[in-house]
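Take a look at the structure set out below.
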Amino acid sequence: MDEPIAWNAVVGEADRAFRRGMQLDKSGQSRLASGAFHEAATLFQCFLDLPESFRHVTNLEEDDCQAVLAYALVRLGFLNCEALSDANAAIRLYKMAMEADPIPNPVSFSGIGTALEASGGNGRDLDHLKEAVKSYRKAIEYSNKSSTNLYMAVALERLGQTEESESILESMQRTEAPTSCLVDSWGYVRWHTRNTEASTLNLHRGTRDMLKLALDAALPLIEHQRENRAQGLVCEFGVGSGKSMRMTQEILPLDIEMHGFDTFTGLPEAWGSEPAGSYSTGGVVPSIDGKVYFHKGLFSDTLSPFLKDLGDDAYVAYANIDCDLYTSTLDILEALHGRIVVGTIIVFDEYISHSTWRQDEFRAWRESCKRFGWEYEYLGVTGV
């Protein structure tokens, strides 16, 4: 596409479906977004196959249509791996995207690599890692992104090809913080997963898969809540558009209460290059049916009163902390410190793999563990 497309002037059925997919994706409604992109991709393909019969579905010219079709397929690939727990479908969709657009797209090659890793192979060998490395190499040919280099280095290391892996990591380590921090993060993960079999290491799983891993581990406490009418809390801190809360609701039994905490006006202070107010929904709370309750305001203002109303018997079964900031994370952990019990599962979103990771959620967690005497183990890590 040489010129930007004026989407407000696009009126075809396929164009409307594509635009709807973009809007739903942005608002955190991944499953609905996937449906809209699928509709758009089907209609765009019909137009490309039979332009005279399907001219009415799009106002785009053929070249633009090819590019938009490829983009829709890339988004479908991402959503299938990230939000729908279907890595094999993601691989097929990324390959379809490459067939749709003759211009090589490194995103598709990298996406195939991470989807192969998410698929986990057959659990008995690492053939999926070998194929992932091939895809990462192709991606790097077209775009030498630091994240893709890290994915390849880690995969090579897990395959026992340490010489090439170390060469890549050493080269990355000598660069500026946005890249060197990735190597630092992997070093931390490597040490803390050193006794885990490579074939069972939970790396590069999509968000929904990681949430399911965490929720399955928390299920004994959640089930105890249901059986004993105790307050075993399922909470999310930093809700935003509600994307991960929707995934969590899909995974859990329908009668489980969920509580979301957020200002819905974005970050209360700057975080790295992100200014205060980033990730705001304009104060709009997500619309999610069922036993989902939102608590609007700063964590320091809303969490302690909420817990006080529940009484002393309430405990945390599961918490998803996605607030980025050290201060906000510390507010949460200090408020919850008397509610963390054996078996509590905590998910962090920005724990590692960014320039200031050792000063943010990671720091708040480590300080809280030392202060409150918590012991923990890692069940899975993604983003490295």
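Nothing in this text is a laboratory measurement; each read-out follows from the coordinates by a stated rule. As the structure is a prediction and not an experimental result, all values here were calculated from the model. Glycine gets a Cβ as well: all are built from the backbone with ideal geometry, and neighbour counts include every protein chain shown.
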(request) Measure nothing but the geometry: give the 0 to 90° angle between the long axis through the Cα atoms of 177-192 and the longest principal axis through the Cα atoms of the chain, rounded to 10°. (result) 60
(request) Report, to the nearest 10°, how far helix 62-82 tilts away from the longest principal axis of the Cα atoms in the chain, using its own Cα long axis and a range of 0 to 90°. (result) 30
(message) Given the -39500 (n - 2.57) contribution per DSSP H run of 4+ residues, what per-residue ellipticity at 222 nm results for the chain, rounded to the nearest 500 deg cm²/dmol?
(response) -17500 deg cm²/dmol
(message) Sort 47, 372, 18 by Cβ crowding within 10 Å, fewest neighbours at the top.
(response) 372, 47, 18
(request) Have a look at 107, 342, 285 and tell me which one the Gaussian network model of the chain (Cα, springs below 10 Å) gives the largest fluctuation. (result) 342
(request) Note the full-extension length gain between residue 143 and residue 372 as 0.36 nm times their separation in residues minus their Cα-Cα distance, in nm to one decimal. (result) 77.9 nm
(request) Calculate the spin-label point distance for residue 130 paired with residue 200, positioning each point 7 Å from the Cα along the beta-carbon direction, and give it in nanometres. (result) 2.3
(message) With angles folded into 0 to 90 degrees, how steeply does helix 162-173 sit against the dominant principal axis of the chain? Use alpha carbons for both and round to 10.
(response) 80
(message) For residue 235, what residues show an amide H to amide H distance below 5 Å, using hydrogens built from the backbone and excluding near sequence neighbours?
(response) 259, 318, 319, 320
(request) Evaluate the distance, in nm, between pseudo-label points positioned 7 Å from the Cα of residue 162 and of residue 11 along their respective Cα→Cβ axes. (result) 6.6
(request) Please identify every one of the GluC sites (Glu not before Pro) in the range 156-237 that sits in a loop by DSSP and has no more than 11 other beta carbons within 10 Å of its own beta carbon. (result) 176, 197
(message) 5 Å is the cut-off here: which amide hydrogens, built 1.01 Å from N in the peptide plane, fall below it relative to residue 175, excluding neighbours closer than 5 in sequence?
(response) 180
(request) Once you have the Kirkwood Rh of the range 269-348 from its Cα pairs, apply Stokes-Einstein at 37 °C and 0.692 mPa s and quote D in µm²/s. (result) 227
(request) Assuming R0 = 30 Å, can you tell me the calculated FRET efficiency for the pair residue 19 and residue 280, based on Cβ-Cβ distance, to the nearest 0.05? (result) 0.85
(message) Show me the three semi-axes of the equivalent ellipsoid for the chain, from the C-alpha gyration tensor (sqrt of 5 times each eigenvalue), largest first, rounded to whole Å.
(response) 36, 28, 19
(message) How large is the convex hull of the C-alpha atoms of the range 13-193 per residue, in Å³?
(response) 133
(request) Rank 201, 241, 96 by how far each Cα sits towards the positive end of the charge dipole of the chain (+1 on Lys, Arg Cβ; -1 on Asp, Glu Cβ) and give me just the farthest. (result) 201
(message) Just to check I understand the Karplus step: with θ = phi - 60° and J = 6.51 cos²θ - 1.76 cosθ + 1.60, what whole-Hz values come out for the range 311-324, glycine and proline as x?
(response) x, 6, 7, 5, 9, 9, 8, 8, 9, 10, 9, 9, 10, 6
(request) Kindly count the pairs of lysines across the chain whose alpha carbons are less than 27 Å apart, treating pairs on different chains or eight or more residues apart as eligible. (result) 25
(request) Apply the Karplus parameterisation 6.51 cos²θ - 1.76 cosθ + 1.60, with θ equal to phi minus 60°, to every residue of the range 132-144 and state each ³J(HN,Hα) to the nearest whole Hz, in sequence, with x for glycine and proline. (result) 4, 4, 4, 5, 4, 4, 5, 4, 5, 4, 9, 7, 7
(request) Would you please classify the overall shape of the range 92-186 from the alpha carbon gyration tensor, given that a ≥ b ≥ c denote the square roots of the eigenvalues, rounded means a/c under 1.5, and beyond that prolate means a/b larger than b/c while oblate covers the rest? (result) oblate
(request) Could you check which residue among 63, 209, 25 shows the biggest mean-square fluctuation in a GNM of the chain with a 10 Å Cα cutoff? (result) 63
(request) Between residue 363 and residue 177, with labels modelled 7 Å along Cα→Cβ, what's the label distance in nm to one decimal, could you check? (result) 1.0
(request) Please work out the FRET efficiency for the pair residue 313 and residue 217, using the Cβ-Cβ distance as r and a Förster radius of 25 Å; give the result to the nearest 0.05. (result) 0.70
(request) Starting from the Cα-Cα distance between residue 293 and residue 31, subtract it from 0.36 nm times their residue separation and give me the gain in nm to one decimal. (result) 92.2 nm
(request) Kindly provide the Kirkwood hydrodynamic radius of the range 206-382 in Å, to one decimal, from all pairs of distinct alpha carbon atoms. (result) 16.4
(request) Calculate the length of the line joining the C-alpha centroid of the range 8-47 to that of the range 233-264, in whole Å. (result) 26
